[in-house]
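Worksheet: one structure, shown below.
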Amino acid sequence: MRIRRSPSCFIAAMAFACAARATHINTARVTLSPSFSGGAGPIDLINQSAGPIDASASTTGGAGSSGDANAHTSYGFINLQSHAVGAINSAAIGWFRDSLTITAPGVAAGTQGSLTFGVRVEGFLNATQGASASSWRLSADLGGGAFDIGRSGRINSPDLFPPGASGDTFGTYSATVSFQYGVTTTLDVELSASAQASYSQNGPGLASVAPFVRLYWNGISDVQANGAPVGTFSISSESGTDWAPAAAACAGDLNNDGFVDDSDFVLLVNAYNILDCADPSMAAGCPADLNGDGFVDDSDFVLFVVAYNDLVCP
């Protein structure tokens, strides 16, 4: 499904101001908009970097409202969280952009080609009180022009009609696009998540995007030249990222909350004391076996420390 870009040059329905168009950049943004005056008031924070970047803020508003939002973006990965209480909209947004050039042995520059790219979105939406909702939106494009992938989902609280989930479910999405060998093309992937709380006749609103909504790059496949499969190809990018493989899962995030922190360390220690992943208590799998050798030992601890120092996945 292709979605036409809005003239404002960013995600439709989020009312973003245009950020400077860089050929390769990561952006993290949080916007907090209380419905009533009072408290600390609205916040709009946008951070950009050629490397991993974060944005985090919290605020209060009138009528007992409060909210917070966190966004982390790196090439191939976006992690978002937000909470809203009372009457407030808390939004987290992340996007990454890059310039790619694809070549293949024996394929002349300018040859028409095609490829399939994909992303994976996973997460949790909650809306339990008041007239509240939480939602997510994905837009992804390779090659410029209209977005090649567009998906969104939402859940309404019991007091907001129609209650329950609507739109797309979380999952893996892909698109097949055309390109020219040896000619630079653009990649643009954008993800937003919002928790919007509002009062109803039954009381204050409560909504969250928690513990996360996040996106992983799922790689490039089925590369062809003039309709014929290409067995060997290379992708160079301005950021230095290799976009051919899928982004690695978040090693060290043992409780799957989007962060590597003390709670994951406790799980690692418990698994470390067991040592062997064949132990019956590890029947659900061995997430602490970070190097996949069947044991939780010193080598896994070294990998965990690296992830722990980074704190946010990946």
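The values are calculated or read from the model by the stated rules, or taken from the named source; none is laboratory data. Keep in mind that this is a model prediction, so the values were computed, not measured. Positions of Cβ are backbone-derived with ideal geometry, glycine not excepted, and every protein chain shown enters the neighbour counts. Heavy atoms of the whole protein, side chains included, go into the accessibility calculation; ligands, DNA and RNA do not. Shrake-Rupley method; radii C 1.70, N 1.55, O 1.52, S 1.80 Å.
The table below lists the values:
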item: Elements of type strands (runs of 3 or more DSSP E) contained in the range 1-106, each with 2 or more residues being surrounded by fewer than 17 Cβ atoms within 10 Å (Cβ to Cβ), at pLDDT 95 or above and not hydroxyl-bearing (Ser, Thr, Tyr); result: 43-49
item: Flag if residue 201 is under 30 Å from residue 105 (Cα atoms), out of contact with any Pro (no Cβ under 9 Å at 6 or more places or on another chain) and of a type in the set (S, T, N, Q); result: no
item: Condition met for residue 215 (in a loop (DSSP other than H, G, I, E, B), hydrophobic (A, V, I, L, M, F, W, C) and either within 28 Å of residue 28 (Cβ to Cβ) or in contact (Cβ under 8 Å) with a residue 24 or more places away in the chain (or both)); result: no
item: Condition met for residue 245 (under 22 Å from the mean Cα position of the chain (by Cα), assigned to a strand (DSSP E or B) and under 28 Å from residue 286 (Cβ atoms)); result: no
item: Conditions (1) under 30 Å from residue 202 (Cβ atoms); (2) in a strand (DSSP E or B); number of the one not met by residue 169; result: (2)
item: Some residue of the range 123-136 being touching a residue at least 40 places away in the same chain (Cβ under 8 Å), of a type outside the set (A, V, I, L, M), crowded, with 24+ Cβ neighbours inside 10 Å and farther than 17 Å from residue 206 by Cβ; result: yes
item: Selection status of residue 269, open to solvent by 40 Å² or more (accessible area, probe 1.4 Å), at pLDDT below 95 and β-branched (Val, Ile, Thr); result: yes
item: When residues of the range 150-166 are limited to those that are assigned to a strand (DSSP E or B) and of a type in the set (A, V, I, L, M, F, W, C), the one farthest from residue 87 (Cα to Cα); result: 165
item: Tabulated pairs, the range 294-309, first farther than 13 Å from residue 267 by Cβ, second in a loop (DSSP other than H, G, I, E, B) and open to solvent by less than 30 Å² (accessible area, probe 1.4 Å), C-beta under 9 angstrom, 6+ apart or interchain; result: 294/277; 295/277; 295/289; 297/289; 303/252; 305/252; 306/252; 309/260
item: Members of the range 146-182 that are exposed (fewer than 15 other Cβ atoms within 10 Å of the Cβ) and in contact (Cβ under 8 Å) with a residue 40 or more places away in the chain; result: 146, 165, 171, 172, 176, 178
